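First up is the structure itself, then whatever we jot down about it.
The values are calculated or read from the model by the stated rules, or taken from the named source; none is laboratory data. In this text, all values refer to a predicted model and were calculated from it rather than measured experimentally. Cβ sites come from the backbone with ideal geometry, for glycine too, and all protein chains shown count toward neighbours. Accessible surface areas use protein heavy atoms only, side chains included; no ligands, DNA or RNA. Shrake-Rupley method; radii C 1.70, N 1.55, O 1.52, S 1.80 Å.
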Amino acid sequence: DRGGGGGGGGGATVTRVVDADELPAMLGPEVFVDDVSARASVPGVAVGLAWTPAGGEVMYVEVSTMAGKGNVRITGRLGDVMQESVHAAVTWVRVHAELFLRAAAAAAGRRRRRRRVPVHAFDDV
């Protein structure tokens with residue numbers, strides 16, 4: 001028996017009012033997580049800004065290629081304007097990459113293959 005009579009700790013409850021200006025000293029420095037550089041350092045992930053009625057959001061878009069028929073598949077939530085931007089970007093890459101791919105394939109003595117392009121916009125913005 002600790003002599004508390006079942007009161008849980010035996011001591012008196014103390015109430016203290018904390019002002020907002022005291023919080024930084026009590027809680028310590030803010031924890032800063034550089035989410036943008038951590039996620040954008042992965043090859044194939046790009047950081048973009050999207051307009052919203054509340055001002056805007058940082059968004060992450062991941063793109064890769066794989067063997068396929070050459071189509072583009074968009075997953076995640078993208079509006080019409082962003083989907084058009086994806087198709088415009090893929091078209092630009094295909095036009096400009098054509099010279100490099102043709103030269104690389106010729107140098108390697110093989111035929112170019114079509115590539116499927118999956119594009120995913122993360123929903124956790």
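If we scan region 55-77, do we find a residue that is touching an Asp or Glu at 6+ places or on another chain (Cβ under 8 Å) and within 16 Å of Pro118 (Cα to Cα)?
Yes: one or more hits.
For residues in region 26-68 being open to solvent by 80 Å² or more (accessible area, probe 1.4 Å) and aromatic (Phe, Trp, Tyr), which is modelled with the lowest pLDDT?
Phe32
Give the number of residues within region 29-72 that are more than 15 Å from Ala121 (Cα to Cα), hydroxyl-bearing (Ser, Thr, Tyr) and assigned to a strand (DSSP E or B).
0
Rundown of residues vs (1) assigned to a loop (DSSP other than H, G, I, E, B); (2) modelled with pLDDT of 80 or more; (3) open to solvent by 80 Å² or more (accessible area, probe 1.4 Å), yes/no style:
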{"residue": "Ile74", "(1), (2), (3)": "no, yes, no"}
{"residue": "Gln83", "(1), (2), (3)": "no, yes, no"}
{"residue": "Trp92", "(1), (2), (3)": "no, yes, yes"}
{"residue": "Phe100", "(1), (2), (3)": "no, no, yes"}
{"residue": "Arg113", "(1), (2), (3)": "yes, no, yes"}
{"residue": "His120", "(1), (2), (3)": "no, no, no"}
